[in-house]
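The values are calculated or read from the model by the stated rules, or taken from the named source; none is laboratory data. From a predicted model like this one, the values you see are computed outputs, not experimental measurements. Using ideal geometry, Cβ is built from the backbone for each residue, glycine included, and neighbour counts are taken over all protein chains shown.
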Amino acid sequence: MGKKLPPLPQYTLGFNEGKEKWELFKNKTHQVVKTFTTKEKATKGGVLERALGANGGSVKIQLKESARIQEERTFPGDRDPANSPG
């Protein structure tokens, strides 16, 4: 039987209306890890994966208008749970 991996850190990418910026923050501490001027800049070509670093994590991406979850991404991709719809 293989070694069980520790749970991935949980993050959220959401829009901060007061600052008019997108913020990637840790769910547990609400500490902002990185800010972006647009959602597109945050989600293109490996930017989120680099922001999370070597440990990776699971990122919930919110809609700007409602803060509802639009999608969830897992980094590295091979850590995505098999029962995950995304």
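Things worth noting here:
- Of the residues making up region 1-21, those that are without any contact (Cβ under 8 Å) to a residue 40 or more places away in the chain and part of a loop (DSSP other than H, G, I, E, B) are 1, 2, 3, 4, 6, 7, 17, 18, 19, 20.
- Within region 69-78, the presence of a residue that is modelled with pLDDT under 95, assigned to a loop (DSSP other than H, G, I, E, B) and among the hydroxyl-bearing types (Ser, Thr, Tyr) is excluded.
- For region 27-61, the set of residues classified as among the small types (Gly, Ala, Ser) and either out of contact with any strand residue (DSSP E or B) (no Cβ under 8 Å at 6 or more places or on another chain) or not in a helix (DSSP H, G or I) (or both) consists of 45, 46, 53, 54, 56, 57, 58, listed by residue number.
- For residue 24, the criteria (1) under 12 Å from the mean Cα position of the chain (by Cα); (2) modelled with pLDDT of 95 or more; (3) part of a loop (DSSP other than H, G, I, E, B) hold in every case but one, which is (3).
- Index of the failed condition, residue 33 passing every other in (1) surrounded by fewer than 15 Cβ atoms within 10 Å (Cβ to Cβ); (2) free of Cβ contacts under 8 Å to residues at least 24 places away in the same chain; (3) closer than 15 Å to residue 73 by Cβ: (1)
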